[in-house]
Structures are given as C-alpha cells and as structure tokens.
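Notes for the one structure printed next.
The values are calculated or read from the model by the stated rules, or taken from the named source; none is laboratory data. Quantities reported herein were computed from a predicted structural model and do not represent experimental measurements. Here the Cβ positions follow ideal geometry from the backbone for every residue, glycine too, while neighbour counts run over all protein chains shown. The area values use the complete protein model at the heavy-atom level, side chains included, leaving out ligands, DNA and RNA. Shrake-Rupley method; radii C 1.70, N 1.55, O 1.52, S 1.80 Å.
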Amino acid sequence: MLRIHNTLSGQLEEFRSMVEGEAKFYYCGPTVWDYGHIGNFRSAIAADVIRRYLKLKGWRVTHVMNLTDVDDRIMAKAQESGVAIDDYTQKYIDAFWEDFDALGCERPEVAPRATQHIPEMVELIAKLEQRDHAYKSDGSIYYRIKSFPEYGKLSKINLAGNIEGGSERVDTDKYEKEDARDFALWKAPNNPEETAWDASIGRGRPGWHIECSAMSMKYLGETFDLHLGGIDLVFPHHENEIAQSEGATGKQFVRYWLHFEHLKVEGETMSKSKGNYYTFRDLTAQGFSATGIRYFLLSVPCRKQLNFTFDALRGAEKTVASLRDFRARLEEAKTEPGRDDALHSAAERALTEFEAGMDDDLNTSVALAAVHDLTREVNTVLAGRGLREENKRELIAAIGRIDSVLNVFGDPQPQILDAEIQKLIDERQEARHRRDFDRGDEIRDQLAARGIILEDTKDGVRWKRK
Ligand code: AMP
Ligand code: ZN
C-alpha cells in the first residue's frame, strides 16, 4: 500500500487513484530561460521515481509536465538578444530534454508549452471573470482572492497577514489592484514591442500561475489524482492554481499534493538568483557521470533536504561504479545447477524491503539500503561457495525490478568502459609529452571522479578501480 504525505491534509495518506489502475499526475516543469540546475533536476528525478514506481505497482500513468516558455525573464533575455521568444527558448528546451534523458528520466506522456495553450488560458480567465473571481484593471486581469474563502488551504497561510511574495517570483505588476494579495492572470503589455497575444479578454500575456491550471485540466480533467513540485511552489503558485481551478469549476482540483524538499548548498537553496548552483553540464564537464548524479540526487528521500557537496557526489560516483560492476559480475558468473535457499530469501527480502521503503512516502534511502544489503550478501557468495543457476536468474530479475524504478545501475558494459578509460589514459600521456600538465591533471581528476586510480610506474601507466 503506497502512502504519501499530502500537503493538503498535512498527513500521510494511502494513495488511491480516482479510476482504478490509472494514475493521473502533473509536475510543474522548468522555466526554459536558461540551463536547468541540478536542484531542478532533483525534483524532476523525484517525479520520475514516482512515475516509475506507480507503473511498477500496476498503475497506468498519465504524466503531464509543462514547459514555461513565456515569462518576464524570458522576454527580457529574448529582447536583449534581439530574437523572438520562441527562438530564444528553443535552445534551452533542447538542452533540457538532453539533460533529462541523460539523467535517466522517462519522458512524460504530455509536455505542453505555455505559448501553445493561450486559448485555453484565455477561456479559463473569461470563466473566472464571469464567476466574479477576476477583474480588469488598466488592461490587466487579476484574481480576486477575497472571492475564494478557501484561499490558503494548501499552504495554511494566514489570510489576515500580508501574504504577498513568499517566492522568488513575486509579481512585478505596477497596476492598480483591489487588494495587494490579488495576483495577475493576464498582463497588459508595458510597451508595444512586448510579446503579447490578441484575445477576447484584451491584448496581453498570461501570468505564470494560470498556465498550470489551464494545461493540467486540459490533459488530466477538472479533478485529477496527484500534483507534484518543489516545496517553493506551495505558496503562492499552487495555492493560486487551486484558487483559479476550483474558482472556475467549483470542483476539487487535485486530490493529493506532494512537495519535494530542496537541494541545498551550505544551508541555502540551490538557485539561479543566489548564484550557488551547478548545472548538469557543469558537473559532466568535470567528469561526473549522469548515473552518479542521479544516484546522489535520489540518495535522500524527496521529502528531506539534501545538501550538495563534491565529496558526496564523488561517493555516489563510487557507489554506482560498484553497482555496475556488481551487476556485470553477477551476469558473467559461472553457475552450478540448483538453488541456494539462503540466497533465495535474500532476493525476496530485498524486494520486500525495497517496496516497504517506497510505500512509505517514497523513501529512496530505505530502497537503496535494500539494494546494498543484497549486493553485500551476493558478493560473499560470489567470492566463496559459488552461485546456483536459479539464484542467478532470480537475482538478475530482482535487480531489474528495483532498477526499473531507481535506474542507478547504469548500462552493464564493462568492456566499453575499459576502452574508454584506456583512451583517456593515452590522451593524458600525450598531453604530458606536450608538457600540457593542466590537461593531464584534468584527465586524472576526471578518472578519479569515476572511481579509477592511476599509478605511474616505470613500465607505464597502470589503472585500477577504487
Ligand atoms: P523552475 O525552472 O524554477 O520553474 O523549477 C522547476 C522545478 O524545480 C520546480 O518544481 C521547482 O520547485 C524545482 N526546484 C527549484 N529549485 C530547486 C532546488 N534547489 N531543489 C529542488 N527542486 C528545486
Ligand atoms: Zn505549475
């Protein structure tokens, strides 16, 4: 029985989908104004793990992830570069998918772009106006928070206080609002050059929150199962999504809200504005592997904060190298016929513990501990009394099942890996002959990050795995 912490109730609840066997969920995806940092990817990977686990447990999933391809930052950047916003964002959309695929995330069923759903947003805003939840002011349209008494039910925000802000994305509107807490649904252009759409509700561009209400309801229905996102989105983004969607339909919008804690750097949230971030590309350029980064990002449960350090990342890199080696050795191991009962129980125990961890609010550290316990037991057998045929089949299947969710074992290709190492060693030797010691050191560090130690001997370079 899968239990998740629902932000709406503040409690751990059994997850039951509206339609048996079908889970519909929405994840607030990237704003494609720049490369994503690994904090963003921690959340994307958490969503991927949930997706994969729901599938493992037999649900058919419909997973929607939006791409925010219009906002103030994008418009400013596009204007700076003298290009249309679509031309500006394309590069970052392509980069996002490249990183997302490399990090072993399965693509969602639908990945709608905000700019391609303007009519749906306009329709929703018109509905809110009809129902008195929205009003025009100076050509812009705002949500009237006092028209929705349940406002605050997700974030438990105190309505009496001043609730403006709370996020990096505070509206910078300078128009007149009835109430300081009201937020923009539709923004009139500040000048004639600004990106804007002509619509029945006037010329303008959408506010950020409306896109998620419009696109999630379009693809998942007015009420759907699960909504995911980073903890920073609880207020105001998700609170506003509820006000918009429930204001328009009069129905419950989302049944379970799940929020991921942040990736931190020295106690501070990793973010572009703080400048304390690493992109996936920064780290692969330093020789870290996508699987190592994925392992690191899911090594702590998504509901707990994770602190970024290079030491921890190097540790993850070593761990995934040993998992990859382990699976390769298991697959190559010679066997004798029959079955060893102790090892049979170990495989069953690993699967039970893995699922118990995942069922408990997606606790990936318990799930990973089950994997490590299993590899330890099997290693002892591989080193000693020999492996039985039935156990081998069963163990490979158990690891396959677990890795269909965690996806941290990487591809079992030891030969290719060896060749790759040799190529880098040759390149390092050449660099040293050219007296390019910086390049030589860089290659040595790259290899070290992948768990390969070099030894310069009088007969040449030897290497070994840590
Ligand atoms: P953005 O591109 O800022 O719209 O963010 C995309 C996703 O990343 C959202 O679900 C955010 O909540 C999430 N996010 C942003 N910063 C972090 C962080 N430091 N750690 C984990 N998730 C984050
Ligand atoms: Zn959203």
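A few comments on the model shown:
- Only one of the listed residues (LEU258, LEU306) is open to solvent by less than 30 Å² (accessible area, probe 1.4 Å) and within 16 Å of ligand 2 (Cβ to nearest atom). That residue is LEU258.
- Evaluation of PHE224 against the conditions (1) over 27 Å from LEU306 (Cα atoms); (2) near ligand 2 (Cβ under 10 Å from one of its atoms) shows that the sole unmet condition is (2).
- Condition met for TYR92 (touching a Pro at 6+ places or on another chain (Cβ under 9 Å), at pLDDT 95 or above and not aliphatic (A, V, I, L, M)): yes
- Flag for GLU239 being among the charged types (D, E, K, R), crowded, with 16+ Cβ neighbours inside 10 Å, within 16 Å of ligand 2 (Cβ to nearest atom) and part of a helix (DSSP H, G or I): yes
- Scanning the stretch 93-110 for residues being within 17 Å of TRP33 (Cβ to Cβ), open to solvent by 30 Å² or more (accessible area, probe 1.4 Å) and touching a residue at least 24 places away in the same chain (Cβ under 8 Å) gives a total of 0.
- Flag if GLY250 is on the phi > 0 side of the Ramachandran plot and either surrounded by fewer than 23 Cβ atoms within 10 Å (Cβ to Cβ) or within 16 Å of ligand 2 (Cβ to nearest atom) (or both): yes
- Some residue of the stretch 60-81 being within 12 Å of ligand 1 (Cβ to nearest atom), under 28 Å from PHE308 (Cα atoms) and open to solvent by 10 Å² or more (accessible area, probe 1.4 Å): yes
- None of ARG434, ARG376, ARG444 is at pLDDT 85 or above, among the charged types (D, E, K, R), surrounded by 15 or more Cβ atoms within 10 Å (Cβ to Cβ) and over 28 Å from the mean Cα position of the chain (by Cα) except ARG444.
- Tally, over the stretch 125-147, of residues that are part of a loop (DSSP other than H, G, I, E, B), open to solvent by 50 Å² or more (accessible area, probe 1.4 Å) and touching an Asp or Glu at 6+ places or on another chain (Cβ under 8 Å): 1
- Contacts under 7 angstrom Cβ, first residue in the stretch 35-51 being outside any helix (DSSP H, G or I), partner within 16 Å of ligand 2 (Cβ to nearest atom), 6 or more apart: GLY36/PRO30; GLY36/PHE96
- Filter pass, GLU239 being at pLDDT below 95 and touching a Phe, Trp or Tyr at 6+ places or on another chain (Cβ under 9 Å): no
- Matching entry among ASP179, ASP232, ASP173 (being modelled with pLDDT of 95 or more, assigned by TED's automatic domain parsing to the domain that holds THR115 and at negative phi): ASP232
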